[in-house]
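Worksheet: one structure, shown below.
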Ligand SMILES: [Zn+2]
């Protein structure tokens, strides 16, 4: 028997066919073309599943289940996509039912960051950890929680929104409408905004004069010794550490898997993060805690989607 895993992002759609042990055999990739609306995207998913199965030489009748991860908010228990910001037209869409009907394969959806956490737990850096937190800091901030070895999604699938913890009341405006969310400060978008705003008044900085500074420009300038860039990364790292310390106090995890492009900025961000995490958490809560990088890279979400399909098949829970 086989399984299908799908990672549906705002820009890219990836579909994998995996064997009964969850090993990926065939992967196809296409642009999502999200701007063309809901029905177009659903058609692309269904076509990509057919293409992947054909390429793999697997009949759809041999597939036990399909798992799909997509940006939140979603309600996995109800099988409904609520309203992801970067998938226009997807509002309260019963995607499990639609995909099950269109593909003939029992389908299960979940939040993409939660599935990445599951992927790392089942096949990556977090194997064997029963209490673990996965955090990825890139354009936005995504996270997933595993408690007692199982995904923790909250009452309606919305748990783990680490990026929207308010760490600086009255701080910069977030995409969610609140102010001072961690994502507005420490994500790639937040770092780029800080660079744009503060470089104007700092003619001596390498960031001054850049029309659209990116988080990578800030990391590069900081590594070259630029004071403003270093201060921006330190600020982002400090707030990231504050949120992480809060998570440590709340969940007493044994493992945090921390990844994403912003973390690759290196020690100028991670150093202040660790200091601030220590200052904002109990020593007892941190005992034995390990912080590691992800092992599955960009495939974490796709592997997690396959693992989710495998789990659901075992539990035989209906869509
Ligand atoms: Zn927010």
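The values are calculated or read from the model by the stated rules, or taken from the named source; none is laboratory data. Quick caveat, the model's predicted, so the values are computed rather than measured. Glycine gets a Cβ as well: all are built from the backbone with ideal geometry, and neighbour counts include every protein chain shown.
Yes or no: residue 15 modelled with pLDDT of 95 or more, part of a helix (DSSP H, G or I), surrounded by 15 or more Cβ atoms within 10 Å (Cβ to Cβ) and under 23 Å from the mean Cα position of the chain (by Cα)? If you could, list the steps in order and put the result at the bottom.
Working: modelled with pLDDT of 95 or more: yes; part of a helix (DSSP H, G or I): no; surrounded by 15 or more Cβ atoms within 10 Å (Cβ to Cβ): yes; under 23 Å from the mean Cα position of the chain (by Cα): yes.
So residue 15 fails the test.
Residue check: residue 54 meets all listed conditions (1) more than 26 Å from residue 162 (Cα to Cα); (2) within 22 Å of the chain's Cα centre (by Cα) but one, namely (2). Being under 24 Å from residue 310 (Cβ atoms), under 13 Å from the mean Cα position of the chain (by Cα), outside the structural domain of residue 307 (by TED's automatic domain parsing) and buried (at least 18 other Cβ atoms within 10 Å of the Cβ) is the requirement here; does residue 141 meet it? It is false that residue 141 is under 24 Å from residue 310 (Cβ atoms), under 13 Å from the mean Cα position of the chain (by Cα), outside the structural domain of residue 307 (by TED's automatic domain parsing) and buried (at least 18 other Cβ atoms within 10 Å of the Cβ). Take the conditions (1) surrounded by 16 or more Cβ atoms within 10 Å (Cβ to Cβ); (2) within 24 Å of the chain's Cα centre (by Cα); (3) farther than 18 Å from residue 293 by Cβ; residue 250 misses just one of them, which is (1). Within the range 169-178, the presence of a residue that is more than 9 Å from the ligand (Cβ to nearest atom) and crowded, with 21+ Cβ neighbours inside 10 Å is excluded. Of all residues in the range 150-169, none satisfies being under 13 Å from residue 265 (Cβ atoms) and in a helix (DSSP H, G or I). Within the option set 40, 110, 30, being in the same structural domain as residue 304 (by TED's automatic domain parsing), crowded, with 20+ Cβ neighbours inside 10 Å and modelled with pLDDT of 95 or more holds for one residue only, 110. When 119, 157, 144, 124 are checked against the criterion of being touching a helix residue (DSSP H, G or I) at 6+ places or on another chain (Cβ under 9 Å), on the phi > 0 side of the Ramachandran plot and away from the ligand (no atom under 16 Å from the Cβ), a single residue qualifies: 157. Residue 164 meets each of the listed conditions (1) in contact (Cβ under 8 Å) with a residue 60 or more places away in the chain; (2) touching a strand residue (DSSP E or B) at 6+ places or on another chain (Cβ under 7 Å); (3) within 16 Å of the ligand (Cβ to nearest atom); (4) under 30 Å from residue 40 (Cβ atoms) apart from (1). Of the residues making up the range 152-168, those that are over 26 Å from residue 229 (Cβ atoms) and crowded, with 24+ Cβ neighbours inside 10 Å number 1.
Restricting attention to the range 58-77, report how many residues are without any contact (Cβ under 8 Å) to a residue 60 or more places away in the chain and more than 20 Å from residue 22 (Cβ to Cβ).
If we filter the range 58-77 for residues that are without any contact (Cβ under 8 Å) to a residue 60 or more places away in the chain, which is where we start, we get 58-61.
Remaining after also requiring more than 20 Å from residue 22 (Cβ to Cβ): none.
Of the residues in the range 58-77, 0 are without any contact (Cβ under 8 Å) to a residue 60 or more places away in the chain and more than 20 Å from residue 22 (Cβ to Cβ).
Inside the range 187-212, can you point out the residues that are within 13 Å of the ligand (Cβ to nearest atom) and either not assigned by TED's automatic domain parsing to the domain that holds residue 235 or not in a loop (DSSP other than H, G, I, E, B) (or both)?
Applying the first criterion (within 13 Å of the ligand (Cβ to nearest atom)) to the range 187-212 yields 187, 189-190.
Answer for the range 187-212, where residues must be within 13 Å of the ligand (Cβ to nearest atom) and either not assigned by TED's automatic domain parsing to the domain that holds residue 235 or not in a loop (DSSP other than H, G, I, E, B) (or both): 189, 190.
Here are some residues: 184, 222. Which one is on the phi < 0 side of the Ramachandran plot, crowded, with 18+ Cβ neighbours inside 10 Å and either within 16 Å of the ligand (Cβ to nearest atom) or assigned to a loop (DSSP other than H, G, I, E, B) (or both)?
On the way: 222 fails: either within 16 Å of the ligand (Cβ to nearest atom) or assigned to a loop (DSSP other than H, G, I, E, B) (or both).
Testing whether each residue is on the phi < 0 side of the Ramachandran plot, crowded, with 18+ Cβ neighbours inside 10 Å and either within 16 Å of the ligand (Cβ to nearest atom) or assigned to a loop (DSSP other than H, G, I, E, B) (or both) leaves just 184.
State whether the residues of the range 35-57 include one that is assigned to a loop (DSSP other than H, G, I, E, B) and more than 25 Å from residue 85 (Cβ to Cβ). Checking the range 35-57: at least one residue is assigned to a loop (DSSP other than H, G, I, E, B) and more than 25 Å from residue 85 (Cβ to Cβ).
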